[in-house]
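Presented below is the structure to which this report refers.
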Amino acid sequence: MDFKSISSLILKSNKIFISSHINPDGDSLGSSYAFYHLLTQLGKDCMIINHSPLPKMYNFLNQENIFHEHNSETAAFIKNSDLGIILDIGDYYRLGDIALLLDEIENIELMNIDHHNVIDLKKFDHNFINTKSSSVGEIIYELVTNEFNGYLSKEILEGIYIAVLTDTGSFKHNNTTGLSHLIAKESINFGIKTTKIYQNIYENSSKSRIKLLGNVIQNLKFDCNDQLVWFGVNQDMIKEVGGSNEDFEGFTDFFRSINGVEISLMLYDLKGKVRISLRSKGLYRVDELAKQMGGGGHPYASAALIEGDFSEVKKSVLNLISNYINQTKK
Ligand SMILES: [Mn+2]
């Protein structure tokens with residue numbers, strides 16, 4: 001699929017829903033925001049519907065209440081849609097309950113736009129994948145400048161900027177491209193308040209988050225000649241600081257910044273399941289590790305969900321990683 005065919009598909013559709021993955025991040029939300037404004041400017045009846053609620057730090061994007069958590073009303077909208085645009089998904093079933101609904105509907109076209117290697121491409125009628133893009137936001141920028149140039153508005157650019165900012169770790173990860181910086185330049189020229197956006201997203205920590213960070217730091221573990229740093233979190237730790245599941249967002253990235261550390265690992269105990277989050281500084285590919293655990297992602301940022309008791313999963317994951325580090329050395 002190319003930009004021309006994306007554009008003709010959009011133009012022939014009238015009722016369109018936009019969705020992304022569970023626990024949405026800056027790329028999925030910023031991209032959805034940009035797409036929503038493009039579609040509304042094109043006169044389409046459009047709705048952003050996600051399985052999960054909007055994370056608090058992105059409330060500033062929702063002045064007009066355009067983000068909807070999936071419910072019976074949004075289900076009715078989806079059932080009557082001509083087209084569904086799915087962004088940043090990686091895996092069809094990360095749509096959460098929306099995937100289950102879509103499995104039951106036949107006459108709806110699904111278009112997938114992503115920068116991940118999507119696991120189940122056949123679930124979509126159309127796929128546009130560019131794994132070289134830093135973010136889905138960057139793909140949308142190219143789509144708009146190629147096909148809808150007159151429509152590039154402040155709102156569209158703001159959504160794109162947020163997507164690029166967050167998925168490149170503020171223009172510092174090695175997925176950052178020349179285009180990422182060009183988008184930043186354009187955004188500043190357009191009068192977008194980039195400092196304000198940064199403060200909203202990154203300088204908005206709750207007290208509970210900082211307290212949790214302190215507790216996690218006290219119990220930080222190092223392995224593999226200090227190349228691996230890891231920590232565990234669980235509901236009791238979150239309760240203790242009066243926090244929420246959003247509070248440990250970004251911890252894995254933060255600990256990767258330690259001198260000598262190559263891999264940063266989080267194990268989140270979900271009682272019977274363990275959520276694994278992996279970050280690499282560049283020497284090791286953590287997507288290969290995540291794949292072995294039944295997950296996936298990018299070479300330097302990936303995740304998996306493993307069934308089993310915490311201490312057993314912890315043991316096998318630590319074994320897997322240390323074997324991987326030792327083998328790669330040879
Ligand atoms: Mn992304």
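The values are calculated or read from the model by the stated rules, or taken from the named source; none is laboratory data. On a predicted model such as this, the values are computed, not experimentally measured, just so you know. As a convention, Cβ positions derive from the backbone with ideal geometry for all residues, glycine included, and neighbour counts pool all protein chains shown.
A single member of Asn146, Asn127 is away from the ligand (no atom under 15 Å from the Cβ), within 19 Å of Leu42 (Cα to Cα) and either at pLDDT 95 or above or part of a strand (DSSP E or B) (or both), and it is Asn146.
Can you spot a residue in region 17-28 that is in a helix (DSSP H, G or I), of a type in the set (S, T, N, Q) and within 16 Å of the ligand (Cβ to nearest atom)? Checked region 17-28: at least one residue is in a helix (DSSP H, G or I), of a type in the set (S, T, N, Q) and within 16 Å of the ligand (Cβ to nearest atom).
Screening Ile156, Ile162, Ile119, Ile105 for residues that are within 12 Å of the ligand (Cβ to nearest atom) and among the β-branched types (Val, Ile, Thr) leaves exactly one candidate, Ile162.
Using the structure shown, decide if Lys196 is loosely packed, with under 14 Cβ neighbours inside 10 Å and assigned to a helix (DSSP H, G or I).
On the way: loosely packed, with under 14 Cβ neighbours inside 10 Å: yes; assigned to a helix (DSSP H, G or I): yes.
Criteria met by Lys196.
Going by the conditions given, is Asn80 under 17 Å from the mean Cα position of the chain (by Cα) and surrounded by fewer than 20 Cβ atoms within 10 Å (Cβ to Cβ)?
No: the conditions fail for Asn80.
The number of residues in region 154-176 that are under 19 Å from the mean Cα position of the chain (by Cα) and modelled with pLDDT of 95 or more comes to 16. Pairs needed: first member in region 88-109, closer than 23 Å to Ala34 by Cβ; second member anywhere, of a type in the set (Val, Ile, Thr) and part of a helix (DSSP H, G or I); C-beta distance under 8 Å; at least 6 residues apart or different chains. Listed by first residue and then by second, the contacts come to Asp88/Val136; Ile98/Ile78; Leu102/Ile78; Ile108/Ile78. Checked against (1) surrounded by fewer than 24 Cβ atoms within 10 Å (Cβ to Cβ); (2) part of a strand (DSSP E or B), Ile49 passes all but a single condition, namely (1). Taking the numbered list (1) modelled with pLDDT of 95 or more; (2) of a type outside the set (Lys, Arg); (3) away from the ligand (no atom under 15 Å from the Cβ); (4) part of a loop (DSSP other than H, G, I, E, B) in turn, Ser134 passes all entries but (3). Right, Ser311: assigned to a strand (DSSP E or B) and among the small types (Gly, Ala, Ser) or not? No.
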